[in-house]
Structures are given as C-alpha cells and as structure tokens.
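Beneath this line is the structure, given in structure tokens, with notes to follow.
The values are calculated or read from the model by the stated rules, or taken from the named source; none is laboratory data. Bear in mind the structure is a predicted one, so any value in this text is a computation, not a measurement. Because the Cβ atoms are built from the backbone with ideal geometry, glycine has one as well, and the counts that use them run over all protein chains shown.
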Amino acid sequence: MDMERRTKVIANSARLIRDAKFLSDNDRCASAFALAVLGLEEIGKVILNIWIEQGMRADDKRLSAHLRKQNAVAALLLAVHAVAEIKKSPAGRPVSDEFTEEVAKALFESAEGRFSEVVTLGALDKTKQLALYFDDWSEELGMQHEKFQKGDVEKIFEQAKGAVAAVADQHYVRVGMAIYCAKIPFLVGKRNKS
C-alpha cells in the first residue's frame with residue numbers, strides 16, 4: 001500500500017468516525033459504536049500494512065481480519081504508553097526486574113492496557129457485532145441496542161485519535177510491532193482452544 005492509498009484509508013477512517021459522531025450526537029449510540037470501531041479498524045489496516053513493509057512475519061491469518069486490525073491499534077497504543085513510562089525513568093537506570101515490573105504494571109493499569117485486554121479477549125469485536133445485529137441470545141443476556149451510551153462511543157473516538165497520532169511516529173510504530181508480534185502466538189493459541 002503506497003502513501004496515497006494509506007492517506008485514502010485514513011481519510012475513510014475519519015469519515016466513519018465523523019459519521020459515528022453524528023449518530024452519537026443524535027442518540028444512535030449502538031450504530032455509532034459499530035461505525036467508530038470500523039473507523040478504528042481502518043487505522044489498524046494502515047498499521048498492519050506499515051509493519052508488513054517493515055518485515056513483520058508474525059501476522060497470523062488464523063485470526064479474523066477484524067481482530068488483527070483491532071490488535072494492531074491496541075499494540076500501537078500500548079507502545080505509546082510504554083515509551084512514555086520508560087521515559088519517566090531516570091537516565092541510566094538499569095533495566096532490572098523491578099523496573100520491568102513497574103512498566104508492566106503501569107501498562108496493565110492504563111486505559112491503553114484495559115483497551116488492549118478488551119481487544120485481546122475479542123470483546124470489542126463481539127460488542128461491535130451486538131451493536132449491529134439482533135440475536136435472541138443477546139436479548140436474553142440483556143444486551144440490547146439501547147444499552148449503548150455516548151461514553152462507550154467516545155472511548156473508541158479517543159483510541160482512534162491516539163492511533164492516528166501514533167502512526168506518524170516511527171519509534172511508536174516499531175515498538176507497537178514488537179508488542180503485536182509478541183501477542184500473536186497467545187492470540188492464535190487462545191483462538192485454537194475455543
């Protein structure tokens with residue numbers, strides 16, 4: 001995918017996000033949520049393309065395209081937070097087990113960490129589907145379209161905004177690729193057991 005094509009994909013993401021904002025502003029939160037996630041996935045498509053051009057080999061086709069794109073965004077957002085946490089450390093601090101645990105804890109407890117967990121569990125993709133489709137089982141569990149709120153959609157907007165900003169920084173892109181490649185064996189193993 002050349003730069004012109006990437007620009008078009010990002011522009012399409014922005015269109016989907018604007019449409020989602022319009023729906024959210026008009027209390028159509030379930031549809032807004034689904035569109036916002038689709039916009040997020042467009043960003044993920046660009047991220048994956050950049051990583052493939054940089055030689056990524058860990059992208060496993062056993063995951064759905066939607067899950068790969070969502071996980072790419074989550075990994076990039078984790079990279080931004082990880083880099084920020086590492087930069088907080090005094091210069092020259094050795095990379096000890098204690099330091100690694102501090103960074104891991106900060107990542108796990110962050111909004112980016114919680115988002116990554118939701119994506120890894122497949123919950124974001126399932127929620128997107130619940131926002132679009134009506135199924136008897138979802139109604140029995142109390143998961144109706146009316147349950148979606150503006151706050152749910154706004155969280156996706158925040159993630160999309162962060163991903164668009166981060167994709168322009170090659171350092172974040174490289175760190176994100178490392179996180180993504182480390183997650184793939186776990187995701188595929190989890191998928192094969194279900």
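Whether any residue in region 81-92 is among the polar types (S, T, N, Q) and modelled with pLDDT of 90 or more is what I want to check. No, because not a single residue in region 81-92 is among the polar types (S, T, N, Q) and modelled with pLDDT of 90 or more. Within region 58-84, the set of residues being over 18 Å from S116 (Cα atoms) and either touching an Asp or Glu at 6+ places or on another chain (Cβ under 7 Å) or without any contact (Cβ under 8 Å) to a residue 60 or more places away in the chain (or both) comprises just one member, K61. In the set R57, R15, R6, R62, only one residue is over 17 Å from the mean Cα position of the chain (by Cα) and at pLDDT 95 or above; that residue is R15.
Can you confirm whether A74 is within 23 Å of R174 (Cβ to Cβ) and among the small types (G, A, S)? Show your work before the answer.
Details: within 23 Å of R174 (Cβ to Cβ): yes; among the small types (G, A, S): yes.
Yes.
For region 28-74, the set of residues classified as part of a helix (DSSP H, G or I), under 15 Å from Y180 (Cβ atoms) and polar (S, T, N, Q) consists of N49, Q70, N71, listed by residue number. The number of residues in region 85-120 that are among the hydroxyl-bearing types (S, T, Y), in contact (Cβ under 8 Å) with a residue 24 or more places away in the chain and assigned to a helix (DSSP H, G or I) comes to 2.
Checking each residue of region 20-27 against the condition of being outside any helix (DSSP H, G or I) and under 17 Å from D152 (Cβ atoms) gives at least one match.
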